[in-house]
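Step one of this worksheet: look at the structure below.
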């Protein structure tokens, strides 16, 4: 068969061959031809489909089924034939699995689906009689597939996404968990591997699927026991290895996400993670934020008491946060952290003051959040009212608060005043200015609800303002001189238009 | 008096009658009168119920019951009967005639009432042959009379003689005059023929007369006008003969009917007009300040101040907006213009505002006059008429903004005298133009001429465009001032005062012009077209302003829609600065609307939009930098009056400064996004300190895409950034944390190396640094003190004063409730009355029953007595007979 022929034609030919073989099993040469063509490396897609069909049918017909009946001589020719067929089958399967590692996306996907399909048939019609096993999933084959998926050669996001479809089956999920600890690298692996591995880990559930479906078995649930304890054990095993890897910032982030979303409740000794979290906290950016969330859980659930946690939180408030996606979460978390009424007032005052400072450079939507946040802090800690009502000090030349001080307790915030909010009352945006006005009136008795405004964006504010309708229509009452305002013209002062 | 007279004239009869009546009344037993007690005597009030006659009324009631209840009681449990109520029907004594007579008389009696005594047979209509007499008397048809008159002869009836002969005639003893008696049949035949003949004759004559009368009528009608005419002419003659109207009378009449001049205000002198104008402007300015503080919505009618004596009676305490009056180090108070004494405003920028107002006055006045006279005026300030003409040629174009800025800078120098030195440097190169008035005059003249030329070249009327394409066609290949004139004429020809639909049409025109701006903005791709674009913009802005003033609603909505659309577009790629046209719109917004408002439907979204762009858009190329700087300038312009603060601007300007810092060291200089800490696009490499620039302003060409950033641009960008920052610093000076706001910028400034920049730039930077330092040192931070809570006053109750007191308490309640209450009250009363009546009925019936019972008992007793007596008599008789027998 030459390369020039059309693939459609080839696939047709292959199909005919396969039919021929299936109709008459005594024609091994047909199968061999197909296998040879497959090995040659051309038309992989068609070959994959054909082989899948052939082996599925063969498995279904139990042609390869070997029955070891004791004290009975084995039919020699038949036995040899079966042996041969099995060999071909195993070879082909490894080859198919190798396809997953190929360049082409199509072949990759086809390879995976073929492998899984064959796997399922083998599960349904096992090669050997292993009646004592509850459910038979060919583990070595699954392992081969998984190994290929989390290979360190290329990014397998697509494959993993495809594989998640199979994870919908309880048995595949369960045995993947079981197999995975053996596939985990013990020492520093490559980054690609880490990405793949973590992606896969992220996709895997720790509990049984809602719809109990089973891939390798004829009827669901009857003979298969989804043991969550086993999964927990393997998760712990995996985690011990994964934690020790040298993470890049990206994988670090992903790891933390997985940890927070999935793993943390299942770990045996979560307190061991404390140092990991603390180290992560120093990384900065989203990683520290995730770590912060982890620490919060630890404090809340596991009674963690770690010194200096507030100093770390304090140091996270930098002007850059307003341009991260995580700012809403940061505000939310710090609101949680500072919700305790038993914190020292100097500490909370430092937070309030720092937030207010940041509000001077923040985008409008964040300024509103900060204003309400600071308001809430003052409501929770009535001692902070001195920030708004300091009748004793009179005048000052400098703000006593030291912005550069890393330690909130030494920042001297409690002897300062919230001039920033006073300044923000002159903000261009009316919504911001009104938010900052709370310091003029007696404080309300109920805290502001931050949850509603945390996700506000500039666009939201724009839409709101545009929709706002008032009957008052105000025009400039002074006639322009050409393109210039008669009063307060600035553009022409700087621009030669 | 008249009454007294009347009284005296009482007749003896009347007196007598009254006396009798009095006696009758007097005869009433005083014990039978019940006097109703009166609680309060009101003078002049008629009292009906002061006394009652219980006996009489009871008797009345009993009488009434007898007629009603008793009757019912009598027929109770009895089946109904048919009663024939015809008069005399059941009276057997009456004959038939008597009955008719009686009925007729009854009808007449019924019809006869008091009023008709003197109406003699008025209600009876007399008729003659079915026609009322009155109808006949109209004599509408004269024929009827004739007919009636000789009815006997002409009708088809038989003749008297004939009837006499035929029916009753002679018998045996009578002979007819004719020979041979006719048989009966012959007679009858003759009779029929004769009557037919007579009928035909009658018909004929009738027709003839009808014809004749009609003819006569028509002829009469023909004659009528002749007669009338005659009469008229005679009258005319009479009139002519009357004496001719006097001239005096004529004049008098004319005067009388002449339209009288209504009382009106006297014409105002120019001073007064100017004063009024000024007052109007001051009022507008005051309103603007209020809006700036955001008082319009919040302080609708609630007084903020409540004194301790406040009684919650809505008595409004005249309150000023709550300011702490304070003075800065120059002795200027922070409370602004609202304090005006004798029309003269006192405030921190006293001279400034006055000057501005004056300026406004002049402009207004000029706008009205709009004539060449202005040319002769000597003041250099009078450039406002330039708004109509805009430079065709480059040098003219340059002129205007320069002089403008000169003016502006002059103001600034006044305002910040301590910084005069710095400003001088900028003014210096332009002072020549400032001094040479003649040149300006020449320019003005030239421009005027060009304008005139444009005016003459164009047709005088322009219809409004039907579609945007139409407008485009009109504007095609027209220079900027041609476009301006076209627009001006369009507006004038279609002024809303001329026709009803014009307002809407001009609204559509406004939208088209916005589209036009959008197009010229987005099409500007090279230096020339962008220049032209701004030229056109400058030229047509006054007309757009006019349009907006004519229909503010529409201007408002269209610009808002434009902004919405632009924002939607921007949202798709929020990291990229949108097109140039947006800048045009922002500038337009600042010209059309009041930018200083606390909240404005157009301005506020503009702020948000600009803030978003400054915060998010990447700054990498020249166009990004200049676009951002333009936005900053716009924000400065927007906030120059309201002195508001937008963090994004300071961030952006800081970022630009950061770009000029040479990053040599390993240490990273932090900068907030969207700037990158490594970017150094504006670092000046070449030494430009020797080069002199005559114009350091940014130019419109900087807003174009260019592949690389030139050195000149670097210098200009830096210079303008520094200047902008300075403006902002001055603008935000009053904010309590101004030092913190500009802290980052101060830090960057320290790192900027200025060796290579020209001297002017260096000085600008130094002065800015000095200004910042000064601000830092001079700042006085007052610790925030919350307003002390006022002690709540005890409520003091005053007596409630009701304006009209009439002893009744009026409940304050709604009309429905009052009506309902009234109804309920009535119902209760009625219920009581009904119950009382029922009770009385019952007792009445009881009485009737008992009397009946007594009656029947009595009857029975009588009967028994009679029977007994009869029996006794019988017995006695019997006994007597027995005794007789015994005796015998």
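Tabulated values for the structure
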item: Ranking of B:740, B:504 by count of other Cβ atoms within 10 Å, fewest first; result: B:504, B:740
item: Dimensionless Rg ratio for region B:458-593, taking C-alpha atoms and the 2.2 N^0.38 Å reference; result: 1.05
item: Residue A:24 paired with residue B:770, simple spin-label distance in nm, labels 7 Å along Cα-to-beta-carbon; result: 10.8
item: Cα-based helix-to-principal-axis angle, A:139-149 vs chain A, degrees rounded to 10; result: 50
item: Potential lengthening between residue B:686 and residue B:53 on full extension [0.36 nm per residue; Cα-Cα distance subtracted]; result: 215.1 nm
item: Estimated FRET transfer efficiency when R0 is 30 angstrom, pair residue B:839-residue B:78 (beta carbons, to 0.05); result: 0.70
item: Region B:617-786, Rg to Rh (Cα coordinates; Rh as Kirkwood inverse mean 1/r); result: 0.97
item: Ellipsoid equivalent to region B:781-867 - semi-axes via the Cα gyration tensor, in Å; result: 78, 14, 13
item: Residues B:722, A:54, sorted so that the one with the fewest Cβ neighbours within 10 Å comes first; result: A:54, B:722
item: Per-residue Cβ neighbour rank within 10 angstrom, fewest leading, B:823, B:610; result: B:823, B:610
item: Computed label-point distance, nm, for sites residue A:379 and residue B:463 using a 7 Å Cα→Cβ extension; result: 6.5
item: Kirkwood Rh and Cα Rg combined as Rg/Rh, region A:324-409; result: 0.96
item: Residue B:195 paired with residue B:712, simple spin-label distance in nm, labels 7 Å along Cα-to-beta-carbon; result: 13.6
item: Computed FRET value (nearest 0.05) for residue B:497 with residue B:227, which takes r as the C-beta separation and R₀ as 45 Å; result: 0.15
item: Percentage, to the nearest whole number, of Cα pairs in chain A over 41 Å apart; result: 47
item: Nearest-0.05 FRET efficiency for residue A:440 and residue A:306, computed from C-beta distance (R0 30 Å); result: 0.15
item: Relative contact order computed over region B:458-593 (Cα-Cα under 8 Å; 6+ residues apart), in percent; result: 29
item: Gain in span if fully extended, residue B:109 to residue B:86, counting 0.36 nm per residue against the direct Cα distance; result: 6.7 nm
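Only the coordinates and a few stated rules stand behind these numbers; no lab work does. Remember, it's a predicted structure, so these values are computed and weren't measured experimentally. Counting neighbours? That spans all protein chains shown, and the Cβs are built from the backbone with ideal geometry, glycine included.
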